[in-house]
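Please read the structure below before turning to the comments.
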Amino acid sequence: MKKLFLAVLLATLSAVLVMRADTQTHLPLWPEGAPGALGKSDKDIPTITSYIPDPAKATGAALVICPGGGYGGLAPYEGHDYALWLNEMGIAGFVLKYRLGSSGYHHPAMLQDVSRAIRYVRANASQWKLDPKRVGVMGSSAGGHLAATVMTHFDAGKPDAADPIERQSSRPDIGILCYPVISMDDRLTHAGSKKNLLGENPDPELVKLLSNELQVTKDTPPAFIFHTVEDNAVRVENSMVFAESLRNNHVPFSLHLYQKGRHGIALGVKLGDPGPRHPWTADCAFWLKEQSFAR
């Protein structure tokens, strides 16, 4: 009887793992090769990995997730863990593997990748039973800069494009920014992120263009922003100046500053581990309900 129980348990666990794997699909954003690709290896191929929630709780909303890593790497806990957390609320998560400065890429490759990811999700919304008018972006640290960049540097798409994906808008409907790099100004920026994104000695006009606090307009989407005051890697003033620009342009936002917390805190605890998550997760869940992304 004990052996039978163990066999049934193993079979059940295997089925769950297969089901979980089936919901995580790695999709190249440009099957024929990304614009400006330097080669054909893994680092040259931007992808999204899909995390689709249980249909019983799915809300039809989605977020493209940009992990942090100083534009030189991609932190899995700011991608995979976020996606599973969103799934708990019925929101689909699409973790973006974007091109990096450590692989020889600079702007605009990263913006091309996140813009394409948003278009891709919209173009294939029916496949995942998603609402193309509820597709947002989320990012942490340098990934927060990338998310803020597409929030302020989007376009409506090209209606006559041969590629149906390129007909879609790249404007996210909302943005979630976690301890983000916002500015490229040396007084505020994270030096490593700036170097990886813009290279050595960038043109001052490019620095201004990618300082996202200067690029906010009334059409920038609503934002949830959180930062910790004791962050000693990315200064909290990055979030503050972005919120000020949103306020000045009458864009809805929710800004949360917490006294304690290291840079890269993510959910505050590894997904699945015991212990409380950081309070920002509850605050953001409430905000997502206000935006009709969660129930």
Here are some conditions: (1) touching a residue at least 12 places away in the same chain (Cβ under 8 Å); (2) outside any loop (DSSP other than H, G, I, E, B); (3) within 17 Å of P222 (Cα to Cα); (4) not β-branched (V, I, T). L257 meets all but one. Which one does it not meet? (3)
Subset of the range 264-276 [open to solvent by 50 Å² or more (accessible area, probe 1.4 Å) and touching a residue at least 24 places away in the same chain (Cβ under 8 Å)]: K270
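Taking the conditions exactly as written (farther than 30 Å from Y105 by Cβ and either touching a Leu at 6+ places or on another chain (Cβ under 9 Å) or outside any loop (DSSP other than H, G, I, E, B) (or both)), does R235 satisfy them or not?
Working: farther than 30 Å from Y105 by Cβ: no; either touching a Leu at 6+ places or on another chain (Cβ under 9 Å) or outside any loop (DSSP other than H, G, I, E, B) (or both): yes.
Taking the combined requirement at face value, the residue does not satisfy it.
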Residue set L257, L209, L288, L198; condition within 30 Å of D131 (Cβ to Cβ) and of a type in the set (A, V, I, L, M, F, W, C); output residue L288
When (1) assigned to a helix (DSSP H, G or I); (2) in contact with a Gly (Cβ under 8 Å, 6 or more places away or on another chain) are applied to P276, the one that fails is (1)
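Would you be able to tell me the number of residues in the range 277-295 that are among the small types (G, A, S) and without any contact (Cβ under 8 Å) to a residue 24 or more places away in the chain? Reasoning before the result, please.
Taking the range 277-295 first, the residues among the small types (G, A, S) are 282, 285, 292, 294.
From what's left, without any contact (Cβ under 8 Å) to a residue 24 or more places away in the chain: 282.
Number of matching residues: 1.
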Subset of the range 169-179 [in contact with a helix residue (DSSP H, G or I) (Cβ under 8 Å, 6 or more places away or on another chain) and open to solvent by 10 Å² or more (accessible area, probe 1.4 Å)]: S169, R171
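Have a look at N232, N201 and point out the one that is on the phi > 0 side of the Ramachandran plot and more than 20 Å from the chain's Cα centre (by Cα). Give the derivation first.
On the way: N232 fails: on the phi > 0 side of the Ramachandran plot.
The unique qualifying residue is N201.
For the range 102-115, how many residues meet the condition of being under 20 Å from M138 (Cα atoms) and surrounded by fewer than 24 Cβ atoms within 10 Å (Cβ to Cβ)? Reasoning before the result, please.
Filtering the range 102-115 down to residues under 20 Å from M138 (Cα atoms) leaves 107-115.
Adding the requirement that they be surrounded by fewer than 24 Cβ atoms within 10 Å (Cβ to Cβ) leaves 107-109, 111-112.
Residues flagged as under 20 Å from M138 (Cα atoms) and surrounded by fewer than 24 Cβ atoms within 10 Å (Cβ to Cβ) within the range 102-115 amount to 5.
When only residues in the range 116-168 that are among the aromatic types (F, W, Y) and closer than 30 Å to G72 by Cβ count, which is least open to solvent (accessible area, probe 1.4 Å)?
If we filter the range 116-168 for residues that are among the aromatic types (F, W, Y), which is where we start, we get 120, 128, 154.
Subset that is closer than 30 Å to G72 by Cβ: 120, 154.
Values: Y120: 35, F154: 63 Å².
Ranking the qualifying residues of the range 116-168, first place goes to Y120.
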Filter the range 110-124 down to the residues that are of a type outside the set (D, E, K, R) and in contact (Cβ under 8 Å) with a residue 60 or more places away in the chain, then identify the one that is nearest to T47 (Cα to Cα). A117
Could you check how many residues of the range 203-232 are in a helix (DSSP H, G or I) and surrounded by fewer than 20 Cβ atoms within 10 Å (Cβ to Cβ)? 7
For residues that are assigned to a helix (DSSP H, G or I) and without any contact (Cβ under 8 Å) to a residue 40 or more places away in the chain, scanning just the range 180-202, find the one that is surrounded by the fewest Cβ atoms within 10 Å (Cβ to Cβ). A191
Answer residue from the range 234-257, given it is open to solvent by less than 40 Å² (accessible area, probe 1.4 Å) and out of contact with any helix residue (DSSP H, G or I) (no Cβ under 7 Å at 6 or more places or on another chain) and is nearest to S183 (Cα to Cα) among those: N238
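The values are calculated or read from the model by the stated rules, or taken from the named source; none is laboratory data. Quick caveat: nothing in here was measured; it's all calculated off a predicted structure. Positions of Cβ are generated from backbone atoms using ideal geometry, with glycine treated the same way; all protein chains shown enter the neighbour counts. Remember, those area values only see protein heavy atoms, side chains included, never the ligands or the DNA or RNA. Shrake-Rupley method; radii C 1.70, N 1.55, O 1.52, S 1.80 Å.
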